[in-house]
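**Student:** To start, I am sharing the structure in question, which I have written as C-alpha cells.
The values are calculated or read from the model by the stated rules, or taken from the named source; none is laboratory data. Everything numeric in this text was worked out from a predicted model, so none of it was measured. Positions of Cβ are generated from backbone atoms using ideal geometry, with glycine treated the same way; all protein chains shown enter the neighbour counts.
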Amino acid sequence: MAETLKNYIGGKWTASDAKRALDVRNPATGEAIARVPLSTAGEVRSAVAAAKAAFPAWRETPPLVRARYMFRLKALLEEHFEDLARTVTAEHGKIIDEARGEVRRAIENVEVAAGVPSLMMGYNAEDIAVGIDEDCVFQPIGVFACVAPFNFPAMVPFWFLPYAVACGDTYVVKPSEVCPMSQSRLFELLDAADLPPGVVNLVNGDKEAVDALLADPDVAGVSFVGSTPVGRYIYATAAAHGKRAQCQAGAKNALVVMPDAVIDRTVAAILTSAYGTAGQRCLAGSLVVAVGDVYEPLKAELVRAASRIKVGDGLDESTQMGPVVSKKSLDRILSYIEKGLAEGARLLLDGRKVKVEGYPNGYFVGPTLFDCVRPEMTIAREEIFGPVLGIVRVDTFDEAVATIEALPYGNAASLFTSSGKWAREFRYCVPCGNVGINVGIAAPIASFPFAGMKDSFFGDLHGQGRDAIQFFTDRKVVITRWF
C-alpha cells in the first residue's frame, strides 16, 4: 500500500487527521505511488500558529545568521540533487533532464536569498532639515504562505520560501495535491538544515486548506502560481482579508517568427518551448505566429522535427517528452484537440495516436501541431496546458503584435529574427512580462523577477529576486533629531 504523506508543523512530522485523501499517481504507469491527506482547516491553523510563535525570535536573528541557513540548505540540496530530480519525474512525468533543471532553479533561488544581508539593506539621508536625519529600513512582517502548482512542484515554492525565511518571516507551504512528494522531500532537507521549529511548515490539502490560509488573520500574505481563474480568486480573497498577494496565473504565449529568422535554430527553440514538460509550463509556447514568406518553410520543418520527438517514461534517459500529469489533464487536452478540429483548424500532427510500448496505462499524448489556426479560435485564445501548438499566419510584424495584444494573457512572448530593429520594437511594445529574442522559453534567472501582465498576474510584486525581498518586507521610515 502506498505511503500516506505527513504534514510538517512546528518542526515535527505529524500524521493528518483528515478523513479525505487522494492517490498520487506516476503519470507514466498510472500506479499509485503515495497518498496525500487533504488536511483540515484546524491543521492549517496549527501550522500558522506554529509559524506565528516562531516569528519573534526568527525576526531577531541577524540576517547574516539567517543567510547561513540558506548556505546549509544549498549544500543539502546539492547532496540530494539526483534524488530530488527523480522524485519530480516520478510524480509529475517530465523527463529527467527537465527535472534536473527544475531542481537547479530551486537551488539558484536559495543562492540568491543567501545574499539577504545586502539585499535587505535600507537607505538614509542626512540633514533633511537642520539637525534632522532620515532612514528607511526593511523589516520582516510575519507569517506568509505559498499555494503551489503541480507543474514545477520542487521549484515554484522556492521562488518564495527562501526569500521569506532569509528576510526574517516564517512560512507555510501548501503543495499541489497532485504532486506533493517533492515538497515533502524538500522539507526533509529543510528539517536537516536545523531551522528553528515553526520557521517553515508544510500542510497538504486542497481548496479547504487554501481557504483556511486565506482567511487566517495571522497570515500576512500569500504567493500563488496556477491558473487564471484560481489566481483571480486567491488575489480577491486575500485582498478582502487585508493580505498581500502575488498571483502568477495562466498564459497563452506566442512565438513570432520573422522571414529573416534562422530557421533551424528557431525550430529547435520552438519545439523545446512547446513540447518541453509536455507543454505543462506557464512559459510554454502555444502559438507560432508566422510572418509572411517564412510560413511554408517553417511549417515543413516543424512537422519534420516534431514528428521525431520520442515520447515515453521520463526516467528513461532517451525519452524526449514524458506523459502529462494526470488522466484529468489528458482528457482536457484531448477535448481541446477535438475543439480545434470542430472550429476548422487542420491537424498536421495528431498526438492522440501516440502509443508507448510497455506503458498501457500512462497519460501519454504526443506532440500535436495545428495549422490554419485563426486568432478567434478557442485553441488560439485559451490555455490548453499540454503539448498542442497552433500556427497562425499573418502578413506583417504589426499583425503579429496585434495578435498578441488581443490575447487576454501577458505572461511571455518571443520573437525570432536577425533584425535589431524588429527586436527592439518587439521588446518595447509587446504587452508581456517575459520577452524572448531568439529564445523560446523566456525564463528569468533567480535574481530577476518572474514577470507577467494582464490576466497572467495579479498583484504588484513578482516572485524571485528583489521583487521577492520587497514583497516579504515592509519599509519603516525613521526621522531623527537629537537635542
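**Student:** Examine the range 53-68 for a residue that is without any contact (Cβ under 8 Å) to a residue 60 or more places away in the chain, in a helix (DSSP H, G or I) and closer than 22 Å to E188 by Cβ, and state whether such a residue exists.
**Tutor:** yes
**Student:** Can you go through V219, V210, V225 and tell me which one is surrounded by 18 or more Cβ atoms within 10 Å (Cβ to Cβ), touching a Pro at 6+ places or on another chain (Cβ under 8 Å), over 21 Å from A380 (Cα atoms) and β-branched (V, I, T)? Spell out how you get there, then give the answer.
**Tutor:** On the way: V219 fails: touching a Pro at 6+ places or on another chain (Cβ under 8 Å); V210 fails: touching a Pro at 6+ places or on another chain (Cβ under 8 Å).
Checking each option against the conditions leaves just V225.
**Student:** Please verify whether the range 281-300 includes one or more residues that are in a helix (DSSP H, G or I), crowded, with 24+ Cβ neighbours inside 10 Å, among the small types (G, A, S) and at pLDDT 95 or above.
**Tutor:** No; the residues of the range 281-300 include none that is in a helix (DSSP H, G or I), crowded, with 24+ Cβ neighbours inside 10 Å, among the small types (G, A, S) and at pLDDT 95 or above.
**Student:** If R475 satisfies all but one of (1) in a strand (DSSP E or B); (2) free of Cβ contacts under 8 Å to residues at least 40 places away in the same chain, what's the number of the condition it fails?
**Tutor:** Going through the list (1) in a strand (DSSP E or B); (2) free of Cβ contacts under 8 Å to residues at least 40 places away in the same chain, R475 breaks only (2).
**Student:** Let me ask something else. Residues I441, I469, I445: which one is under 30 Å from S307 (Cβ atoms) and either modelled with pLDDT of 95 or more or surrounded by 15 or more Cβ atoms within 10 Å (Cβ to Cβ) (or both)?
**Tutor:** Only one candidate qualifies: I441.
**Student:** Among the listed residues P387, P297, which satisfies the condition of being touching a residue at least 12 places away in the same chain (Cβ under 8 Å), within 30 Å of A85 (Cβ to Cβ) and not assigned by TED's automatic domain parsing to the domain that holds G101?
**Tutor:** Just one listed residue meets the conditions, P387.
**Student:** Also, quick follow-up: Sort out which residues of the range 342-374 are polar (S, T, N, Q) and assigned to a strand (DSSP E or B), and write them in order of number.
**Tutor:** T368
**Student:** Something else: Go through (1) outside any helix (DSSP H, G or I); (2) surrounded by fewer than 23 Cβ atoms within 10 Å (Cβ to Cβ); (3) hydrophobic (A, V, I, L, M, F, W, C) one by one and return the number of the condition I337 breaks.
**Tutor:** Single failed check for I337: (1).
**Student:** Criterion first (farther than 15 Å from S184 by Cα, in contact with a helix residue (DSSP H, G or I) (Cβ under 7 Å, 6 or more places away or on another chain) and either surrounded by fewer than 18 Cβ atoms within 10 Å (Cβ to Cβ) or touching a residue at least 24 places away in the same chain (Cβ under 8 Å) (or both)) does N7 satisfy it?
**Tutor:** When the stated conditions are applied, N7 does not pass them.
**Student:** Quick test of your reading of the structure: L330 fulfils all but one of (1) in contact with a Phe, Trp or Tyr (Cβ under 7 Å, 6 or more places away or on another chain); (2) among the hydrophobic types (A, V, I, L, M, F, W, C); (3) not in a helix (DSSP H, G or I). Name the failing condition by number.
**Tutor:** Exception for L330: condition (3).
**Student:** Something else now. In the range 53-71, which residues are within 25 Å of N7 (Cα to Cα), of a type outside the set (A, V, I, L, M, F, W, C) and surrounded by 18 or more Cβ atoms within 10 Å (Cβ to Cβ)?
**Tutor:** R66, Y69
**Student:** If a residue counts only when it is acidic (D, E), which strands (runs of 3 or more DSSP E) contained entirely in the range 111-166 have at least 1 such residues?
**Tutor:** 123-129, 132-140
**Student:** Tell me, which residue of the range 35-49 that is surrounded by fewer than 20 Cβ atoms within 10 Å (Cβ to Cβ) and not in a helix (DSSP H, G or I) is farthest from the chain's Cα centre (by Cα)?
**Tutor:** In the first step, residues of the range 35-49 are kept if they are surrounded by fewer than 20 Cβ atoms within 10 Å (Cβ to Cβ); the result is 35, 38, 40-42, 45-46, 49.
So of that shortlist, the ones also not in a helix (DSSP H, G or I) come out as 35, 38, 40.
On the way: R35: 23, L38: 22, T40: 25 Å.
Here the residue is T40.
**Student:** Taking G344 as the residue in question, decide whether it is closer than 26 Å to R374 by Cβ, assigned by TED's automatic domain parsing to the domain that holds E301, crowded, with 18+ Cβ neighbours inside 10 Å and of a type in the set (G, A, S).
**Tutor:** no
**Student:** If we keep just the residues of the range 162-183 that are closer than 17 Å to A468 by Cβ and out of contact with any Ser or Thr (no Cβ under 9 Å at 6 or more places or on another chain), which is surrounded by the most Cβ atoms within 10 Å (Cβ to Cβ)? Show your work before the answer.
**Tutor:** So the first thing to find is which residues in the range 162-183 are closer than 17 Å to A468 by Cβ, and the list is 162-173.
Add one more test, that the residue is out of contact with any Ser or Thr (no Cβ under 9 Å at 6 or more places or on another chain), and what stays is 162-163, 165-166, 170-173.
Values: P162: 30, Y163: 33, V165: 26, A166: 26, T170: 31, Y171: 27, V172: 28, V173: 27.
Filtering the range 162-183 for residues that are closer than 17 Å to A468 by Cβ and out of contact with any Ser or Thr (no Cβ under 9 Å at 6 or more places or on another chain), the one surrounded by the most Cβ atoms within 10 Å (Cβ to Cβ) comes out as Y163.
**Student:** Working only within the range 175-199, note down all residues that are of a type in the set (G, A, S) and within 18 Å of E3 (Cβ to Cβ). Give the steps one after another, and end with the answer.
**Tutor:** Initial filter on the range 175-199 (of a type in the set (G, A, S)): 176, 182, 184, 192-193, 198.
Hits for the range 175-199 are S176, S182, S184.
**Student:** All but one of (1) hydrophobic (A, V, I, L, M, F, W, C); (2) in contact (Cβ under 8 Å) with a residue 40 or more places away in the chain; (3) farther than 25 Å from L407 by Cα; (4) in contact with a strand residue (DSSP E or B) (Cβ under 8 Å, 6 or more places away or on another chain) hold for A212; state the number of the condition that does not hold.
**Tutor:** In the conditions (1) hydrophobic (A, V, I, L, M, F, W, C); (2) in contact (Cβ under 8 Å) with a residue 40 or more places away in the chain; (3) farther than 25 Å from L407 by Cα; (4) in contact with a strand residue (DSSP E or B) (Cβ under 8 Å, 6 or more places away or on another chain), A212 misses (4) alone.
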